[in-house]
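The values are calculated or read from the model by the stated rules, or taken from the named source; none is laboratory data. Keep in mind the model is a prediction, meaning the values are calculated, not measured. All Cβ positions, even for glycine, are placed from backbone atoms using ideal geometry, and neighbour counts span all protein chains on display.
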Amino acid sequence: MISYQETYQQKLVTPDEAVAPIEDRSNLIISMSASMPPALMDAVGRKAKNGGYNNLNLYYMHASPAAAQSLIRADLMDVIHPHPLFMSVFDRMLAKEGRDQGKDWVDFIPCMFHQAGRLLTENISPDAFIVTVSPMDKAGYFSLGTNADYGATVVRHAKNVIVEVNTHMPRTFGECLVHVNDVDFIVENDVPLMEGVLGPPEDIDIVIAKQVAAEIPDAATLQMGIGAVPSIVLGELANHNDLGLHTELFSTPMIPLIKSGVINGRAKTVMPMKHVFTLAIGDRNTYEFMDDNPSIVGYPADWVNSPAVIRKNDRMISVNAALEVDLTGQINASAMGGLPFSGTGGQLDFVRGAYSSKGGKSFIAMRSATKHGKISKIVPTIQGGTITDTRMDTHYVVTEQGMVNLKGRSLSERAEMLIGIAHPDFRDELRAAANRMHLL
């Protein structure tokens, strides 16, 4: 009987050999963020540059710097067609470069995160899937490590599964395991993973975060979005007890709370004692902490982000950000100037799931103004019609000016409350707009 190591060696090829089966006019699914495979993406880029493709469709979320260097490039846009389900800064830059030339290079696909796996396997045919994985263990399993998300679903359905083994990728558990018998080709490439590191906190974000932290009870289960405020909120929870994690994003500021025992999962309703996530972005120490840590478990976004699952955790707390909030409580966290800026991601999943849980709360936390106080983030109406969270879903809205709970409030009450937490420089014009809209 052939050993797993022998199977590994038989499937081990160069990156150029590995991408040879990715045919023209096919759909290539790429894992997201830290698990985007640099060597394989470089090989696809070379093949495209050398005339190997006339039309290759890419599907992915949140491109990494390696993707921008290899595939998300202006010189390849005549043959490669990016279809991000969540826009990164690199996608925005490429889209703008294309628009400046009168071309639409980036074709954004709206998607809630908990539907991404189904969308990429049912609505889009996954001809090939490329992903970074941890080294194979003695039982023949690789791990998806930082990224279960849609990868854990697509890897079971793609016609060709090509993995890039990287010793820097942590070995995580849950539904992150992929067997050597279930992959078609293997390449090896030991390079540091993409890191996400926040700068020092600013006073205005600390003011916002302290208000949110004061509303989080002991024994709560947490979901924290990316950015300054969620990270500061975590830093304010050091004196809490028996917190749990059921979060889309596993991030660096969670680790001190786990090490101190504040986050222990004892009070969780779903998977107690386990720290549940679907994707992770952090620094090198974060990935080392995750490696072979049986308490940290990754599951597909279609389960982690399902509102029906989220709501089962009592005292579920969701903290996310927004680009703007209108006077009726509608949230825009995904578009700017009517153009895609990021994506819905999992925000609406957790806004709905948290409020549906027993004792749960969802928070939209943001500064009251941007561009050094020149633009109000509380607006009369959302421009461009891009609504991330409906007015029916919004619970708490928090700025440095205060916090309001919109549940059970009429349109006129909402307008009054939101004007009250807007930046003082914009309150008069917001009130005038509210009167014109017959909200006051």
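From the list Thr394, Thr370, Thr386, which one is of a type in the set (Ser, Thr, Tyr) and either within 18 Å of the chain's Cα centre (by Cα) or within 15 Å of Leu418 (Cβ to Cβ) (or both)? Talk me through it step by step, then tell me what you get.
Working: Thr370 fails: either within 18 Å of the chain's Cα centre (by Cα) or within 15 Å of Leu418 (Cβ to Cβ) (or both); Thr386 fails: either within 18 Å of the chain's Cα centre (by Cα) or within 15 Å of Leu418 (Cβ to Cβ) (or both).
Thr394 is the lone residue from the list that is of a type in the set (Ser, Thr, Tyr) and either within 18 Å of the chain's Cα centre (by Cα) or within 15 Å of Leu418 (Cβ to Cβ) (or both).
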> If a residue has to be part of a loop (DSSP other than H, G, I, E, B) and either within 25 Å of Ser251 (Cα to Cα) or in contact (Cβ under 8 Å) with a residue 60 or more places away in the chain (or both) to count, how many in segment 107-134 make the cut?
Replying inline: 8
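Mind telling me which of the residues Gly384, Gly402 ends up being out of contact with any Lys or Arg (no Cβ under 9 Å at 6 or more places or on another chain) and under 28 Å from Glu202 (Cα atoms)? Outline the logic, then answer.
Numbers: Gly384 fails: under 28 Å from Glu202 (Cα atoms).
So the residue among Gly384, Gly402 that is out of contact with any Lys or Arg (no Cβ under 9 Å at 6 or more places or on another chain) and under 28 Å from Glu202 (Cα atoms) is Gly402.
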>> I'd like to verify a number: residues in segment 401-439 that are touching a residue at least 24 places away in the same chain (Cβ under 8 Å), in contact with a helix residue (DSSP H, G or I) (Cβ under 9 Å, 6 or more places away or on another chain), within 16 Å of Ile208 (Cα to Cα) and buried (at least 17 other Cβ atoms within 10 Å of the Cβ), how many?
In response: 4
>> Would you confirm whether or not segment 288-295 contains a residue that is surrounded by 19 or more Cβ atoms within 10 Å (Cβ to Cβ), in a loop (DSSP other than H, G, I, E, B) and either of a type in the set (D, E, K, R) or touching a residue at least 60 places away in the same chain (Cβ under 8 Å) (or both)?
In response: no
>> Looking only at segment 135-151, how many residues end up being crowded, with 24+ Cβ neighbours inside 10 Å and in contact (Cβ under 8 Å) with a residue 60 or more places away in the chain?
In response: 8
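Filter segment 242-285 down to the residues that are small (Gly, Ala, Ser) and either in a helix (DSSP H, G or I) or touching a strand residue (DSSP E or B) at 6+ places or on another chain (Cβ under 7 Å) (or both) and list them by number. It would help to see each step written out before you state the result.
In the first step, residues of segment 242-285 are kept if they are small (Gly, Ala, Ser); the result is 244, 251, 260-261, 265, 267, 280, 282.
Gly244, Ser251, Ser260, Gly265, Ala267, Ala280, Gly282 - these are the residues of segment 242-285 that are small (Gly, Ala, Ser) and either in a helix (DSSP H, G or I) or touching a strand residue (DSSP E or B) at 6+ places or on another chain (Cβ under 7 Å) (or both).
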>> Is it the case, given these coordinates, that Leu120 is more than 20 Å from the chain's Cα centre (by Cα) and buried (at least 23 other Cβ atoms within 10 Å of the Cβ)?
In response: no
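So is Thr167 crowded, with 18+ Cβ neighbours inside 10 Å and among the hydroxyl-bearing types (Ser, Thr, Tyr) or not? Quick ask: steps written out before the conclusion?
Details: crowded, with 18+ Cβ neighbours inside 10 Å: no; among the hydroxyl-bearing types (Ser, Thr, Tyr): yes.
No.
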>> Go through (1) within 25 Å of Phe341 (Cα to Cα); (2) under 24 Å from the mean Cα position of the chain (by Cα); (3) of a type in the set (Phe, Trp, Tyr) for Phe426 and report which single condition fails.
In response: (2)
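Among the residues of segment 383-394 satisfying the criterion of being of a type outside the set (S, T, N, Q) and crowded, with 20+ Cβ neighbours inside 10 Å, which is nearest to Arg311 (Cα to Cα)? Before you say what the answer is, go through the steps one by one.
Let us first name the residues in segment 383-394 that are of a type outside the set (S, T, N, Q), namely 384-385, 387, 389, 391-393.
Narrowing the set further to residues that are crowded, with 20+ Cβ neighbours inside 10 Å leaves 389, 393.
Details: Asp389: 17, Asp393: 14 Å.
Looking at the filtered set, the residue picked out is Asp393.
Need at least 3 residues that are within 24 Å of Ala228 (Cα to Cα) per element, so show me which helices (runs of 4 or more DSSP H) inside segment 344-440 make the cut, counting only ones lying wholly within it. Lay out the reasoning, then the answer.
On the way: elements: 347-356, 411-420, 427-436.
It comes to 347-356, 411-420.
If you take just the strands (runs of 3 or more DSSP E) that sit entirely in segment 142-231, which of them hold at least 1 residues that are more than 30 Å from Val19 (Cα to Cα) and polar (S, T, N, Q)?
Values: elements: 160-165, 177-179, 185-188, 221-224.
Once the strands (runs of 3 or more DSSP E) in segment 142-231 are filtered for at least 1 residues that are more than 30 Å from Val19 (Cα to Cα) and polar (S, T, N, Q), what remains is 221-224.
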>> I'd like the full set of residues that are buried (at least 21 other Cβ atoms within 10 Å of the Cβ), small (Gly, Ala, Ser) and within 22 Å of Gly244 (Cβ to Cβ), limited to segment 324-381.
In response: Gly345, Gly346, Gly353, Ala354, Ser357, Gly360, Ser362, Ala365
> Can you pull out the residues in segment 1-25 that are surrounded by fewer than 18 Cβ atoms within 10 Å (Cβ to Cβ) and either outside any helix (DSSP H, G or I) or of a type in the set (A, V, I, L, M, F, W, C) (or both)?
Replying inline: Met1, Ile2, Ser3, Leu12, Val13, Thr14, Ala20, Pro21, Glu23, Asp24, Arg25
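Do we find that Ile29 is part of a strand (DSSP E or B) and among the β-branched types (Val, Ile, Thr) in this structure? First the steps, then the outcome.
On the way: part of a strand (DSSP E or B): yes; among the β-branched types (Val, Ile, Thr): yes.
Judged against the criteria, Ile29 is a match.
What do you reckon, is Pro65 at pLDDT 95 or above, within 22 Å of His168 (Cα to Cα) and not hydroxyl-bearing (Ser, Thr, Tyr)?
Numbers: at pLDDT 95 or above: yes; within 22 Å of His168 (Cα to Cα): yes; not hydroxyl-bearing (Ser, Thr, Tyr): yes.
Yes: the conditions hold for Pro65.
Among the residues that make up segment 91-109, is at least one of them closer than 22 Å to Arg156 by Cβ and at pLDDT 95 or above? Spell out how you get there, then give the answer.
Here is the first cut: in segment 91-109, the residues closer than 22 Å to Arg156 by Cβ are 109.
If we keep only those that are at pLDDT 95 or above too, we end up with 109.
Yes, segment 91-109 contains at least one residue that is closer than 22 Å to Arg156 by Cβ and at pLDDT 95 or above.
When you check Glu175 against the structure, is it in contact with a helix residue (DSSP H, G or I) (Cβ under 8 Å, 6 or more places away or on another chain), charged (D, E, K, R) and in the same structural domain as Ala43 (by TED's automatic domain parsing), yes or no? Break it down into steps so the answer makes sense when it comes.
Working: in contact with a helix residue (DSSP H, G or I) (Cβ under 8 Å, 6 or more places away or on another chain): yes; charged (D, E, K, R): yes; in the same structural domain as Ala43 (by TED's automatic domain parsing): yes.
So Glu175 passes the test.
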>> Checking the conditions here, which among Lys312, Lys361 is basic (Lys, Arg) and touching a residue at least 60 places away in the same chain (Cβ under 8 Å)?
In response: Lys361
>> Anything in segment 139-190 that is within 20 Å of the chain's Cα centre (by Cα), of a type in the set (S, T, N, Q) and farther than 17 Å from Asn293 by Cβ? List them, or say none.
In response: Thr153
